[in-house]
Amino acid sequence: MAWPVLAEAGHWAFVPPQKKPLPTVRNVDWPSNELDRFILAKLEAVGVAPSKQASRSTLVRRLYLDLTGLPPSSEEALAFVQDDSPWGYSRLVERLLASPHFGERQAQNWFDLARFADTSGYAADRTRNVWPYRDWVIAALNDNMPFDRFSIDQLAGDLVPNATQEQRVASAFHRHSMQAKGNNPRKEEFRVKGIVDRLQATGRTWLGLTLECAECHDHKHDPISQREYYELFAIFNNVPHLGTGYGVHGPMMSYTPAAARLEQERLAKRLAVLRGQMPLSQVKHEGLIGEWQAPTQAKDAARFSLTRSMTITAEIQTTGAIGDIVSKYDWKAGERGYVFGVGGEGDVKAEPGKLFAWFSSEAATFKGVVAYGSRRVDDGQSHHVAMVFEAGQSVRFFVDGIEDEAVRIEGPIPKTVAQSARGLAVGAGFEDSSKATAFRFDGRLANVRLYDRVISNPSGLDVSKPKVAEYRRLAKRLAKAEGASIEVPVMDELPEPRETHVLVRGDFKNKGERVFAGVPKIMPALSTANGASLNRLDFARWLFSGKQPLTARVAVNRIWQHHFGEGLVRTMADFGHYGDRPSHPELLDWLAVRFGESGWDVKAMHRLIVNSSTYQQASMRRAELGRVDPLNRLLAWFPRVRLPAEQIRDGALAAAGQLSARIGGPSVFPMQPAGLYEERGQDLPGNSNFKWQNSVGEGQFRRSIYTYWKRMMLHPVMSTFDAPTRQVCVAKRSVTNTPQQALVGMNEPAMHAAALALAKRLSKLGGDPEKVQHAFLLCFSREPDALELRQCLRFLEQQREQRRLAKGDEWSALAAVLLNLDERLTRE
């Protein structure tokens, strides 16, 4: 298919942006910075003057809501209104850009693009540990991470050389695709659907293109063929897809939260000092039948064929994740007995770096127990380790004299142990061979001792000594901190790329011609230096190459939309032929080039916009412009915008004095109507298999960005006020105005509780006029005018007279009214 309009004439979005000279304007006093000149030039061209500056109270609330997502406190609002210094506004901008709440508000927009949710989606909407990704995004935005690095880490953080744990967490951007679980045989179909979703999200987030329109056929409007779509598809087609049924999943990573990591490091240092003061390895006990100072193999099979209880101790120092300490076990050869070591010989049920032991009562087939420890010993530190096997009773592990109380036991503990024909291997294991050459222990291995009995205190620690008591106490704390690790979704790449074919009409079963990774020809070329197959890292870096025409434009357009409600291009995710043309094309290009020149400095772009005179205009609609610019595309006044769902709820909590300022951590469960999950069937085993339990204490008052985001059923306040389910990438939220919103605002349990708390907060003040004034400051960041004050006082009197309310209830009624007024729900 040919696209003559685009190919011959050159569609504006596919031409690299150019930074043209600033336009000339007649009113040289109005512009505060360069972008104002672009806005003013357009206004002057149609004979329209910009609006006057907004009031100080309007500006302080506007800035707080845009930059932090929270209203100012009454003290902060008054302080700004009363500050008449010429630098007061710019100082406030800098303070809010430096606020830790800046990252929270900006992350909220990003999560709509990232499809961030706590559940997997579809009918079996199961919980996932994704909150570390949320914390990473918030921290990255607060740290003003350059947008190119911010993007590359999310698209391919796992492929960056020497990738950190944080970069791998960041790569979860494309692990938020919905995942079908359950007794569904179409595993491959839903794997393909996940890649289709990744392409759609990539197109909407970075390219501003509707790539999804080319899944089944050539794009009808833009120069993207179906073949080129699947060349892009090939870039994302190499992610492992694992498991079956309800256990279907993509790549996972063990993640330890930052606080737990710091605690581990602190405890490990102190324990290392204490270890050096306790000669654990020198202790010998009765029943010693063998001792070794280095790896070896004892060929006398009978001598060490213990069939009953035993104890093994050793001193180790390793960074190896897998290695046997003592073995008389060769399952491939049918010569099972016993084995003790690290990492479970790579078994899928074992955990690398942790102790394990296997005991079988039969040599030919396994019949016995497997035991897996919970503490890592591959940290490069010296450790005294011990395994105590009591026949028919227990398997116990000890690390540095402290028993591991979280050992995972699977299978019955045998009363006898099989006599393996293999000799005893120390520092290695057997794999279908009489020679111990497999599972070698990498590192220092000394004082390996084998006993033919149970030893209850294998390290010989004298628990009566103060340092030993401290050591045991700290070791237990370390074990608890190590247990804080969770499995989180990340991206990963297969060793060899999958074959990719054009899917005829998008049908995953109908494979057409084979294609290889590439990008549409309308874009700058993408190739690797050595001719290797393109991967996600190559693609992510290509997005920020010098000739890329779309990435910077799409990014600055999104920032513009955040502040003005609409982008310079209104179709946020469609810069193609059927998308909206920019209202100010020269300004869009100027901002895009400046963004790249600044080193992709996100905060600098926000600073530029909010310091402009355009941003500081009053929001009063001007009737005389009805014919000239009815949609306010020229920005002759500042656009009023209905607040997102999160800010509506958070603002109510802030006015009530309930909002928690805590940042980060797992999702919380704010109050919602009892029985709601049960009514919707979300608690059924075939669906989410999950019961909502309201958080208590601080958890019920956290910011809405930390609310548990269930795709199949959002929290009522979120869904009522148009928060997306995040089943797909959303570049711009819909905004509705329904009667249900008024009912939820007045009666939803958490919103009603906020009104009661606001009334209680006001009750501590003086007379009615003072209370009304303070209520306006809390809700609207301004004081009431004379008419508003009279109306509120009259309302209170009517409530007292007509309803015969209990003392103070009239304030609850007024608080509910104020919290639900249009001004409270709108950013002026």
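The values are calculated or read from the model by the stated rules, or taken from the named source; none is laboratory data. All values reported here derive from a predicted model rather than from experimental measurement. Positions of Cβ are backbone-derived with ideal geometry, glycine not excepted, and every protein chain shown enters the neighbour counts. Please note that ligands, DNA and RNA were not included when accessible areas were found on the heavy atoms of the full protein model with its side chains. Shrake-Rupley method; radii C 1.70, N 1.55, O 1.52, S 1.80 Å.
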(message) When you check Ala260 against the structure, is it under 30 Å from Leu478 (Cβ atoms), among the hydrophobic types (A, V, I, L, M, F, W, C) and touching a helix residue (DSSP H, G or I) at 6+ places or on another chain (Cβ under 7 Å), yes or no?
(response) yes
(message) It is to be established whether one or more residues within the stretch 230-243 are over 23 Å from Lys480 (Cα atoms), of a type in the set (A, V, I, L, M) and not assigned by TED's automatic domain parsing to the domain that holds Arg191.
(response) no
(request) Exactly one condition in (1) at pLDDT 95 or above; (2) over 23 Å from Arg408 (Cβ atoms) is not met by Asp300; state its number. (result) (1)
(request) Would you confirm whether any residue within the stretch 441-459 is touching a residue at least 24 places away in the same chain (Cβ under 8 Å), in a loop (DSSP other than H, G, I, E, B) and at positive phi? (result) no
(request) Would you tally the residues in the stretch 15-52 being surrounded by fewer than 15 Cβ atoms within 10 Å (Cβ to Cβ) and outside any loop (DSSP other than H, G, I, E, B)? (result) 1
(request) Taking Ala140 as the residue in question, decide whether it is in contact with a Phe, Trp or Tyr (Cβ under 6 Å, 6 or more places away or on another chain) and part of a loop (DSSP other than H, G, I, E, B). (result) no
(message) Val407 - would you say it is at pLDDT below 95, among the hydrophobic types (A, V, I, L, M, F, W, C), within 30 Å of Tyr471 (Cβ to Cβ) and open to solvent by less than 50 Å² (accessible area, probe 1.4 Å)?
(response) yes
(request) Need at least 1 residues that are hydrophobic (A, V, I, L, M, F, W, C) and either surrounded by fewer than 19 Cβ atoms within 10 Å (Cβ to Cβ) or without any contact (Cβ under 8 Å) to a residue 40 or more places away in the chain (or both) per element, so show me which helices (runs of 4 or more DSSP H) inside the stretch 600-702 make the cut, counting only ones lying wholly within it. (result) 602-610, 676-679
(request) State the number of residues belonging to the stretch 544-591 that are within 20 Å of Phe111 (Cβ to Cβ) and either aliphatic (A, V, I, L, M) or open to solvent by 20 Å² or more (accessible area, probe 1.4 Å) (or both). (result) 10
(request) Provide a single number: the residues in the stretch 330-354 that are open to solvent by less than 10 Å² (accessible area, probe 1.4 Å) and not aliphatic (A, V, I, L, M). (result) 8
(request) Identify the single condition in (1) more than 23 Å from Gly69 (Cβ to Cβ); (2) touching a Pro at 6+ places or on another chain (Cβ under 6 Å) that Met713 does not satisfy, given that it satisfies every other one. (result) (2)
(request) Mind counting the residues in the stretch 228-258 that are at pLDDT 85 or above, aromatic (Phe, Trp, Tyr) and under 22 Å from Ala180 (Cα atoms)? (result) 2
(message) Please pick out the residue among Ala107, Ala139, Ala124, Ala172 that is of a type in the set (Gly, Ala, Ser) and in contact with a Ser or Thr (Cβ under 8 Å, 6 or more places away or on another chain).
(response) Ala124
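Yes/no matrix, rows are residues, columns are (1) under 17 Å from Arg514 (Cα atoms); (2) of a type in the set (D, E, K, R); (3) open to solvent by 10 Å² or more (accessible area, probe 1.4 Å):
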position: Arg191; (1), (2), (3): no, yes, yes
position: Ala201; (1), (2), (3): no, no, no
position: Leu211; (1), (2), (3): no, no, no
position: His219; (1), (2), (3): no, no, no
position: Asp222; (1), (2), (3): no, yes, no
position: Tyr229; (1), (2), (3): yes, no, no
position: Leu232; (1), (2), (3): yes, no, no
position: Phe236; (1), (2), (3): yes, no, no
position: Gly250; (1), (2), (3): no, no, no
(request) For Ser382, work out the one condition from (1) out of contact with any Gly (no Cβ under 8 Å at 6 or more places or on another chain); (2) surrounded by 20 or more Cβ atoms within 10 Å (Cβ to Cβ) it doesn't fulfil. (result) (2)
(message) I'd like the residue in the stretch 143-170 that is in a loop (DSSP other than H, G, I, E, B) and among the charged types (D, E, K, R) and, out of all such residues, is nearest to Trp542 (Cα to Cα).
(response) Asp158
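For every residue, the table says whether it meets (1) aromatic (Phe, Trp, Tyr); (2) at pLDDT below 90; (3) more than 30 Å from Gly247 (Cβ to Cβ); (4) not in a loop (DSSP other than H, G, I, E, B).
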residue	(1), (2), (3), (4)
Ser464	no, yes, yes, no
Ala469	no, yes, yes, yes
Arg477	no, yes, yes, yes
Lys480	no, yes, no, yes
Phe508	yes, no, no, no
Pro520	no, no, yes, no
(message) For the stretch 393-404: of the residues being open to solvent by less than 30 Å² (accessible area, probe 1.4 Å) and in a loop (DSSP other than H, G, I, E, B), which is farthest from Leu271 (Cα to Cα)?
(response) Asp404
(request) Would you check if Phe595 is surrounded by fewer than 21 Cβ atoms within 10 Å (Cβ to Cβ) and either over 33 Å from the mean Cα position of the chain (by Cα) or within 30 Å of Leu155 (Cβ to Cβ) (or both)? (result) no
(request) Restrict the check to the stretch 309-318 and report whether at least one residue is open to solvent by 40 Å² or more (accessible area, probe 1.4 Å), in contact with a Lys or Arg (Cβ under 9 Å, 6 or more places away or on another chain) and β-branched (Val, Ile, Thr). (result) no
(request) Tell me which of these Ala750 doesn't satisfy, since it passes every other one: (1) surrounded by 15 or more Cβ atoms within 10 Å (Cβ to Cβ); (2) modelled with pLDDT of 95 or more; (3) among the hydrophobic types (A, V, I, L, M, F, W, C). (result) (2)
